[in-house]
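Report on the structure given below.
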Amino acid sequence: MTVIRVLVVDDHRIFAESLAAALAAEQDVEVAAAGSGPAALRCLDRAAADGRRIDVMLVDADLGCAPPAPGAARSGPTVIGAPRAGGAERAADGISLVSGVRERRPAVRTVVLAERDDPARAAAALQAGASGWVAKDCSLSRLLAVIRGVLRGETHLPPALLTGVLRELTAARKHRTESERLVQSLTPREREVLRCMVAGLGRKAVAERLFLSPHTVRTHMQNVLGKLGVHSTLAAVALARRAGVGPAEDLPAVGSAG
C-alpha cells in the first residue's frame, strides 16, 4: 500500500486539527499540520532532510488574513507554528505560500481550500502552481478524490468556477502578451535598468551597478516609463513582472557608459 503524506496548512486550529484527524483515519494517509506559511516551509524542509516526502499540501486560501482571537489557546502539538497573538510569526497568505512551495519543493502538489468561490483568486492560485481549488465545506470523500487526483497529475476545480477561471486566465495571458510586447520595445540598456527597478534598486544604486551617472539613469528610467506607458516605478515593476522580467541579481557588471 502506497502511503500518501499530506500537510494541512491553516491558522484556524480547530479546523486544522479536525481535518487532519479525518484524513488520518484513512489507512493510506499520513498527516502533519502547520499553522502558518513559514511553519509549513520549515515542515517541508525537515521532512526532506529526514528523507521523508510530503506528497500534497492543503493550504487555506485566507491563511494569515484573520488574526487569532485574543487569549486563544495555543496548547497541543498538532499545529506547528500557529500564529501567535503578539504577531511573533507573520504568516504568508495561502497563494503566496503555493508559489513559494512550487519554487522550493516542486514535487509537492498543492490544493487550496477556500471558504467561497472566487474565480480571480482561483486563477491566481493555479498560476502560482496549485493543482486544485476546493471548498472548505466539501465532503471528505470529495477531498480525498482531489488529493488522489492531483497526485495523478490532474487539476481540480469546482464546475461552477470553470468558466470564470478560464476567463481570468485568458485575460491574464492577454495582459502578459501585451506586457511582453512593451518590454521588447526597450533597448538592451533600458531593459537592464528595468531589471534593476524590479530588484528594488534606487537611482543611485542603479548608477553604481551599471557604471552610469545618476543623470543618465534618470533619463533611462524616464524612457522606460514612457515606453511602457506607465507613470510610476511601481507600475513599471508590476508590468515587468507580468512579462516575466526578473530582478537584476544575475546581471553582469556593465562597464560602458551608454
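The values are calculated or read from the model by the stated rules, or taken from the named source; none is laboratory data. Just so we're clear, the structure is a prediction, and the values are computed from it rather than from any experiment. For neighbour counting, all protein chains shown are included, and Cβ atoms are generated from backbone atoms with ideal geometry for every residue, glycine included. Keep in mind that these areas ignore ligands, DNA and RNA; they rest on the heavy atoms of the full protein, side chains included. Shrake-Rupley method; radii C 1.70, N 1.55, O 1.52, S 1.80 Å.
Specify the residue that is farthest from residue 28 (Cα to Cα); the eligible residues are those in segment 127-147 that are in contact with a strand residue (DSSP E or B) (Cβ under 7 Å, 6 or more places away or on another chain) and not aliphatic (A, V, I, L, M). Applying the filter and picking the extreme gives 129. Yes or no: segment 111-125 includes at least one residue that is open to solvent by 50 Å² or more (accessible area, probe 1.4 Å) and touching a strand residue (DSSP E or B) at 6+ places or on another chain (Cβ under 7 Å). No - not one qualifying residue is present in segment 111-125.
For segment 169-183, the criterion of being part of a helix (DSSP H, G or I) and within 30 Å of residue 4 (Cβ to Cβ) is met by at least one residue.
Of the residues in segment 168-178, not one is acidic (Asp, Glu), open to solvent by 60 Å² or more (accessible area, probe 1.4 Å) and modelled with pLDDT of 90 or more.
Condition check for residue 137 on (1) loosely packed, with under 12 Cβ neighbours inside 10 Å; (2) farther than 30 Å from residue 19 by Cα; (3) acidic (Asp, Glu): one failure, at (2).
Within the set 40, 21, 49, 32, the sole residue that is farther than 19 Å from residue 139 by Cα, without any contact (Cβ under 8 Å) to a residue 24 or more places away in the chain and of a type in the set (Gly, Ala, Ser) turns out to be 49.
Looking at this structure, is residue 105 over 20 Å from the mean Cα position of the chain (by Cα), modelled with pLDDT of 85 or more and not β-branched (Val, Ile, Thr)? Even if it seems obvious, please write down each step before you answer.
Values: over 20 Å from the mean Cα position of the chain (by Cα): no; modelled with pLDDT of 85 or more: yes; not β-branched (Val, Ile, Thr): yes.
So residue 105 does not fit the description; no.
Inside segment 21-64, residues that are part of a helix (DSSP H, G or I), open to solvent by less than 10 Å² (accessible area, probe 1.4 Å) and within 25 Å of residue 117 (Cβ to Cβ) make up a count of 3. If you go through segment 217-235 and keep only what is touching a helix residue (DSSP H, G or I) at 6+ places or on another chain (Cβ under 6 Å), under 13 Å from residue 179 (Cα atoms) and of a type outside the set (A, V, I, L, M, F, W, C), you end up with nothing.
Residues that are free of Cβ contacts under 8 Å to residues at least 12 places away in the same chain and open to solvent by 30 Å² or more (accessible area, probe 1.4 Å) were ranked within segment 205-229; the one that is farthest from the chain's Cα centre (by Cα) is 215.
Looking only at segment 182-197, count how many residues are open to solvent by less than 60 Å² (accessible area, probe 1.4 Å), out of contact with any Leu (no Cβ under 9 Å at 6 or more places or on another chain) and either modelled with pLDDT under 90 or among the polar types (S, T, N, Q) (or both). Number of matching residues: 1.
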